[in-house]
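Worksheet for the structure shown next.
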Amino acid sequence: MTVLPTTVRRPVLVALTTVLALSLAGPALSPAYASAAEESAPPSEKITLDVVTVNGSGCPAGTASVSVLPDNTGFRITYRDFIAQAGGDAKPTDFRKNCQVNLLVHIPQGYTFAVARADYVGRARLEAGAVGLQRTNYYFQGSSANNHVDHSFDGPLRSLWHTIDATPVEELIYSPCGATRNLNINTELRVDEGTVNPTKISSLSLRSSEGNVETIVQFQWKTC
């Protein structure tokens with residue numbers, strides 16, 4: 001597999017993009033980057049999530065769901081109708097789709113958490129000359145650290161893809177201890193059909209009809 005570097009925005013979120021041929025196994029990360037077990041073990045008490053809002057053109061009502069991972073290391077998002085497309089007979093508004101998930105994470109007293117890593121799997125069907133983009137913002141309510149990570153895809157490309165947003169341990173941004181802050185994750189997909197084959201539809205998708213394509217967001221835990 002080939003790992004392609006893409007645009008990185010502050011805070012330092014490393015973006016890794018892999019085109020998947022036969023396997024969904026992602027590239028290994030350097031020890032300098034956080035994994036869910038490095039800094040502090042997850043609390044033994046079960047965490048819960050309140051889904052405050054899930055909205056956007058990429059996740060109409062009833063087409064996205066959120067669930068906690070059983071080991072308290074994070075959560076998964078499943079999309080069922082998240083696809084951007086351009087060219088051919090695609091609607092002009094279909095070139096960009098987004099979905100914002102706003103969560104209230106209930107955690108045991110004495111703990112705080114940061115978003116350490118997020119894995120996305122989807123499918124690209126891009127004609128020659130077309131370009132796709134996946135962009136995600138991560139931020140806590142009230143925080144000025146509202147930044148994004150980009151992953152780009154160049155046609156021709158017909159494949160599953162796997163992207164990883166990973167944060168170095170020293171760059172992790174934790175929710176304030178003892179305070180309640182909603183976590184926002186805003187993901188968007190864009191497609192530009194280009195000028196080579198504009199009469200053919202190009203698309204980029206994140207949806208369950210592609211198979212096992214849940215987005216996995218992993219926490220890094222720390223005691224206060």
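The values are calculated or read from the model by the stated rules, or taken from the named source; none is laboratory data. Keep in mind the model is a prediction, meaning the values are calculated, not measured. A quick note on method: Cβ atoms are made from the backbone with ideal geometry, for glycine too, and the neighbour counts reach across all protein chains shown.
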- Message: Quick check on region 124-140: of everything there that is closer than 19 Å to Ala90 by Cα and of a type in the set (D, E, K, R), which residue is surrounded by the fewest Cβ atoms within 10 Å (Cβ to Cβ)?
- Response: Arg125
- Message: Quick check on region 177-193. Is at least one of its residues modelled with pLDDT of 90 or more and either in a loop (DSSP other than H, G, I, E, B) or over 25 Å from Gly56 (Cβ atoms) (or both)?
- Response: yes
- Query: Before we move on, is Arg117 closer than 30 Å to Ala41 by Cα and not polar (S, T, N, Q)?
  - Reply: yes
- Task: Take the residues in region 194-224 that are in a loop (DSSP other than H, G, I, E, B) and in contact with a Phe, Trp or Tyr (Cβ under 9 Å, 6 or more places away or on another chain), then tell me which one is surrounded by the fewest Cβ atoms within 10 Å (Cβ to Cβ).
- Result: Cys224
- Answer residue from region 85-114, given it is of a type outside the set (Val, Ile, Thr) and under 15 Å from the mean Cα position of the chain (by Cα) and is nearest to Ala41 (Cα to Cα) among those: Ala114
- Query: Restricting attention to region 175-190, and to residues there that are touching a residue at least 12 places away in the same chain (Cβ under 8 Å) and surrounded by fewer than 18 Cβ atoms within 10 Å (Cβ to Cβ), which single residue is nearest to Asn98 (Cα to Cα)?
  - Reply: Asn186
- Item | Within region 67-84, tally of residues that are closer than 25 Å to Ser40 by Cα, surrounded by 19 or more Cβ atoms within 10 Å (Cβ to Cβ) and touching a Lys or Arg at 6+ places or on another chain (Cβ under 9 Å) | 2
- Checked pairs for region 54-78, first under 12 Å from Gln100 (Cα atoms), second of a type in the set (Phe, Trp, Tyr) and in a loop (DSSP other than H, G, I, E, B), C-beta under 8 Å and 6 or more apart or across chains, list as Gly58/Phe82; Cys59/Phe82; Ala64/Phe82
- Top-ranked residue of region 141-171 - restricted to ones that are under 25 Å from Ser40 (Cβ atoms) and buried (at least 19 other Cβ atoms within 10 Å of the Cβ), ranked as farthest from the chain's Cα centre (by Cα): Thr167
- Message: Looking only at region 57-80, how many residues end up being within 30 Å of Thr93 (Cα to Cα), out of contact with any Cys (no Cβ under 9 Å at 6 or more places or on another chain) and aliphatic (A, V, I, L, M)?
- Response: 2
- In region 127-140, which residue that is within 13 Å of Gln85 (Cα to Cα) and assigned to a loop (DSSP other than H, G, I, E, B) is farthest from the chain's Cα centre (by Cα)? Glu127
- Can you name every residue in region 47-99 that is touching a helix residue (DSSP H, G or I) at 6+ places or on another chain (Cβ under 7 Å) and assigned to a strand (DSSP E or B)? Thr78, Tyr79, Ala84, Gln85, Ala86
- Check on Ala64, buried (at least 19 other Cβ atoms within 10 Å of the Cβ) and modelled with pLDDT under 55: no
- Tell me which residues, restricted to region 148-207, are of a type in the set (A, V, I, L, M), within 16 Å of Gln220 (Cα to Cα) and touching a Lys or Arg at 6+ places or on another chain (Cβ under 7 Å). Ile164, Ala166
